[in-house]
Every structure is written in structure tokens, then in C-alpha cells.
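Here is the structure we will look at.
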Amino acid sequence: MPEVTRDAATQGSPADPSAGSPTLLEMEGVSKRFPGVEALTAVDFDLKAGEVHVLFGENGAGKSTLISLIAGAERPTSGRFLLNGEPVDLRSVQDARHQGISAVFQEFSLVPQLTVEENLFLGAELTSGGFLDKGALHRRAQDIIDRLNFPLKPQQRVAYLSRAEQQMVEIAKAFRSEPSVLIFDEPTASLTERETDRLFALIEQAKADGVGIIYITHRMGEIKRIADRITVLRDGHKIATLDVADASEDKLVELMTGRVIDQIFPDIAFDPGETILSVEHLTLESDVVRDVSMHVRTGEIVGIAGLIGSGKSEIGRACFGAEAISEGRIRFDGENVTGESIKQMLRRGLFYIPSDRRDEGLLMVRGARENIALPSLDRSDFSSMLFLRRGAERARTRTLAERVELRPMNLERDLDHFSGGNQQKVLIAKALTRDVKLFIFDEPTVGVDVGTRVAIYGFIKELSEAGAGILLISSDLPEILHLTNRAYVMYRGELRAELEGDAITQDTVLSHFFEREAA
């Protein structure tokens, strides 16, 4: 490991907005080793009352490991914790909660078969006389939901909730008691702007009540909006702690990566050719999309912008054969493919990279090799008649893993043990196993760090300039502004606008995001 020096900012600063606040939590020389991996090395960290302390770093830097230790989900190999100045041994998540530490992890811990209220109090059920007090549980759950102003019903079954609604349930669980430490891991990834505003208002109220908040995000805008201090991790080491006022985007990226990234978004040479995909008056059986028409040509990147729930993702899924169509037509490479299956669309040369990599894109309990090869097991370079060609499979998947710069380069390791950014790289490598004419990227950079973003944008540029059509579905407005040469804007299932070239600006896109006032 290279020698890691401590930034001068770690010594504290008069500008620190919480400099006079008591310290709630301290980590002293904490390390965590997994078999073959040193996830954290002698990390010092502290959290003060009434502050938001952001953890910042690349995927695999150690952020998730650190909060898992604080939340009691993992135990340190060495080092110690102090809570309110007293040594503490956090033996489990339940133990941490009893100590006043609540966490909202990026990966949900909900039981789909249970209701919202049952999930809220799972492990902390309300009882009366030794029996479950369902009335009290319902009232308490409703009180929490009302306080948070979330559009949830206590008796809804979690299995039928959207990902955004499930995220709200996870957040509500953290507020079921009065914690002294709150941990949030990428909590806004599935939330709309309005729901994000509500969460930030709750965070501000918690700060005013003296709660210390540990917050993981890769979004610079969120850091500037809510953070007080930032600790940067790299390769399991603490690099620096600095006040948000001293943290420019360039400085944070350099601390995070150890290098200067001159340009996040690449310059792309667009050379549009023939129309490869045509969507004509598309209406879905779910009614999430109504009478939408659009097209994509080879050699161009076409964006679909819109808020969560606007129907933009469902358009991509319908083109891939994953959504039922009630009206309209989809043409691909000159042929009518309306109603064709996912298998048929793969064979035609269309590949959809879903937004939810864990539930829809990857087998988390299998290795990178098997995941990369999975969509192409019918091809001659992976199988011969009824038998897999293991040697060819290993060689091909390793070549693709190296191309996407997978870290660590252990293709047999279960994907659950890779960082989110490296899981996303495996998802992209899957798409490269076939001859693809059109790639549909649905939220390709959700939950990934700046370095991985740059790599993904580089792949999108490379594929477009090689002549493939790209349909980029994104809630991240800068991606639409900087990567596309044409863009469609969706609002509540309807197509609001088609923009091209210099007309794709923040103001013009945002002007179509919200309800129009009546004339």
C-alpha cells in the first residue's frame, strides 16, 4: 500500500460548523479484514452532535464496510469504538439500535411478504400481555408515515411497492425511535426531487435535535446542500477530513481517486446513420406510457429524461420485450418486433441494461464469470451443442472483465462481495458478449463513484462512435445535457418534448418536468 498522509484539514478548523458540539461517536484505529481483502486499515473517524458527516470515496474504498461496523452488521478486526466518550462493543444491528444507532442501507432489508407496518417494527414488535398489539402497531406506523409525509399505507404489502416506496419504508424504519446517530447510504437514489426535499428537511430537523448523521453519496449537489464535514476514503484508508466550505469538486475527486480528472464527460463525435429503433404511438397495458413515439439512429446517443415514475424506464423495457403493449408498434432494424420476447430481441441485437442491477440485472450469489456469460450461452464461443466450452468461457469473460477494469479481477467471487460500481461494470460486460446494434442504458450510473462514471461514459462514447445506437434513460440531468445529441422528455407517461443539439439545455429540459399551468 502507498503511504497515506493525513490532510491538514483532519486536524480541525475554526470554520468547522460543529466544532463546539460534543462528539457522539469515535473510531480509533479501526481495521476490518475479510478473507484475502483488507477492507479498512487503521481508520480514525468521529461524528459530532448536530452535524452531517459525509463519507466520500470510490466504490470499494471502504465506505460500506465502515458503516456496517458502526451499525453492528460487522465487527472490526482491530481498533475500538467510543459512544459518548465511553468504549462500546456493537455486537449486532439490534445491539446498535439499542445504543441509539439506526442505519438506512443502500440494499434494502425488507420482507416482501409483510406489510409496511410489520416491516417498520420487525424485531421491535409492540406487545400487550405477551401478544402482538396490532392496533398500537398500526397507530404508531401511521404516526411515523404522517410525520415523514410519505405516500405510504401501513397495511400495504411491501412486495407490491415500487422501489422508491420501498426506500421510503427503509427511511421510516430509521425514524421509528429517537436515534442519536443516523446512517444513510445513498438514500435518494430512488426518490423523486420532492421526496428528496422532504428527506433533507427531516435531516435538518434531526440535526437541530442534536442527532449526528453519517451520509454516503456520490452526488456533489447533495454534499454542498447538507454536509458539514467530509471524510474521504481510498483503498480502505482515511485520506482526509475537511469542512464542506473547503471541499471543491476538483479537490474531492483528486482526494478520492489520487489523480486529477480533467473532464467527467467525454467529447463525442456523433455520426447518425439509419434509424435502428422506431417506437410508434406506444401505449402499455399498465397505462404507465401512453401514445409515445420516438426513434433512435445508429451512431447517436438519444436521451430520455424525466422524473422517477414518468414512464421513461418502461419505454426501454417495452422495446426489450419486458413490458406488455396494448397499442402501437415497435420496429427494430426495419422489422416489426412488437410483442417479441426478450430472447428474440437479444438475438436481433438489442440489449437492455436495467436500472436495478441487483434484482433484474445480476445473479448476486454467482460469480462474475457466470454473470458475464449468462446472456450468451447459446452462442458458439460459449457452448458447443449441449455442452459449455468452459475454457473459451473463461478466456472471453476475462477479456471483457479486463476491458471494463473490474476490481478485484476475481471472476469466481460472488457479486455480492463486489462494490456497487464493480457490479455495474459486470452488467456492462454482459452487454459486450453479443453483437449488439442498440444498447439501452437505464440509469447506468446510479450509486457509482466519479471514477466509475467516467469509465461508463467512456464505454458509451466508444459504442456510439463505433456505430451502435444508444438509448440513454436517466434521471441525472447532466448526463442528458452532456452525452446526448437528441433527447425526449417524459412527464407522467406522456411525451412532452423532443430536443436536439443546442436546444438540450437545463432550462428547456426542466421546463417540461412539471405540470403545466392552464392557459
### Query
Restricting the first residue to segment 364-393 and requiring it to be within 18 Å of MET409 (Cα to Cα) and free of Cβ contacts under 8 Å to residues at least 24 places away in the same chain, which pairs with a second residue that is part of a loop (DSSP other than H, G, I, E, B) and of a type outside the set (A, V, I, L, M) meet a Cβ separation below 7 Å and a spacing of at least six or different chains?
ALA392/ASP381; ALA392/PHE382
### Query
Just to be sure, is SER190 within 19 Å of ILE70 (Cβ to Cβ) and small (Gly, Ala, Ser)?
no
### Task
For segment 277-316, enumerate the residues that are free of Cβ contacts under 8 Å to residues at least 40 places away in the same chain and either out of contact with any Ser or Thr (no Cβ under 8 Å at 6 or more places or on another chain) or in a loop (DSSP other than H, G, I, E, B) (or both).
SER286
### Message
For the structure I just gave you, tell me whether ALA245 is touching a residue at least 24 places away in the same chain (Cβ under 8 Å) and either within 30 Å of THR41 (Cβ to Cβ) or β-branched (Val, Ile, Thr) (or both).
### Response
yes
### Task
Return the only residue of PHE270, PHE265 being touching an Asp or Glu at 6+ places or on another chain (Cβ under 6 Å) and of a type in the set (Phe, Trp, Tyr).
PHE270
### Query
Does PHE459 fit the bill of being assigned by TED's automatic domain parsing to the domain that holds GLU314 and in a strand (DSSP E or B)?
no
### Task
Could you please find all residues in segment 38-48 being buried (at least 20 other Cβ atoms within 10 Å of the Cβ) and closer than 20 Å to LEU24 by Cα?
VAL43, PHE45, LEU47, LYS48
### Task
Take PHE459 and decide whether it is of a type outside the set (D, E, K, R), within 27 Å of GLY60 (Cβ to Cβ) and either touching a His at 6+ places or on another chain (Cβ under 6 Å) or modelled with pLDDT of 95 or more (or both).
no
### Task
Specify the residue that is modelled with the highest pLDDT; the eligible residues are those in segment 273-320 that are of a type in the set (Ser, Thr, Tyr) and within 23 Å of the chain's Cα centre (by Cα).
SER313
### Task
Would you check if VAL30 is over 29 Å from ARG219 (Cα atoms), β-branched (Val, Ile, Thr) and either free of Cβ contacts under 8 Å to residues at least 60 places away in the same chain or touching a Cys at 6+ places or on another chain (Cβ under 6 Å) (or both)?
no
### Message
Restricting to segment 359-388, and then to whatever is surrounded by fewer than 18 Cβ atoms within 10 Å (Cβ to Cβ) and of a type in the set (Lys, Arg), can you tell me which residue is farthest from SER419 (Cα to Cα)?
### Response
ARG379
### Query
Within segment 232-249, which residues are more than 17 Å from THR65 (Cα to Cα), among the charged types (D, E, K, R) and in a strand (DSSP E or B)?
ASP243
### Task
Can you tell me which residue among GLY361, GLY339, GLY311 is out of contact with any strand residue (DSSP E or B) (no Cβ under 6 Å at 6 or more places or on another chain) and closer than 24 Å to GLN166 by Cα?
GLY361
#### Entry: Residue check, ALA269 surrounded by fewer than 21 Cβ atoms within 10 Å (Cβ to Cβ), among the hydrophobic types (A, V, I, L, M, F, W, C) and touching a helix residue (DSSP H, G or I) at 6+ places or on another chain (Cβ under 6 Å)
yes
### Message
Being among the aliphatic types (A, V, I, L, M) and either at pLDDT below 85 or surrounded by 16 or more Cβ atoms within 10 Å (Cβ to Cβ) (or both) narrows it down to one residue among LEU114, LEU202, LEU122; which is it?
### Response
LEU202
### Summary
Over segment 317-353, the set of residues outside any strand (DSSP E or B) and aliphatic (A, V, I, L, M) is ALA318, ALA322, ALA324, VAL337, ILE342, MET345, LEU346
### Filter result (farther than 28 Å from SER64 by Cβ and either crowded, with 24+ Cβ neighbours inside 10 Å or touching a residue at least 40 places away in the same chain (Cβ under 8 Å) (or both)) within segment 438-468
LEU438, PHE439, ILE440, LYS461, SER464, GLU465, GLY467, ALA468
### Task
Search segment 401-454 for residues being part of a strand (DSSP E or B) and among the hydrophobic types (A, V, I, L, M, F, W, C), and hand back the single one that is nearest to THR257 (Cα to Cα).
PHE441
### Near pairs, Cβ below 9 angstrom, 6+ apart or cross-chain, from segment 137-158 (touching a residue at least 12 places away in the same chain (Cβ under 8 Å) and over 16 Å from ARG194 (Cα atoms)) to any residue that is surrounded by 17 or more Cβ atoms within 10 Å (Cβ to Cβ) and of a type in the set (Ser, Thr, Tyr)
ALA141/THR115; LYS153/THR115; PRO154/THR115; GLN155/THR115; GLN156/THR115; ARG157/THR115; VAL158/THR115
### Task
Would you check which residues across segment 469-505 are aliphatic (A, V, I, L, M), closer than 28 Å to SER419 by Cβ and crowded, with 21+ Cβ neighbours inside 10 Å and list them?
ILE470, LEU471, LEU472, ILE473, ILE480, LEU483
### Query
In this structure, does SER326 turn out to be in contact with a helix residue (DSSP H, G or I) (Cβ under 9 Å, 6 or more places away or on another chain), more than 23 Å from ALA429 (Cα to Cα) and among the hydroxyl-bearing types (Ser, Thr, Tyr)?
no
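The values are calculated or read from the model by the stated rules, or taken from the named source; none is laboratory data. Quantities reported herein were computed from a predicted structural model and do not represent experimental measurements. Positions of Cβ are backbone-derived with ideal geometry, glycine not excepted, and every protein chain shown enters the neighbour counts.
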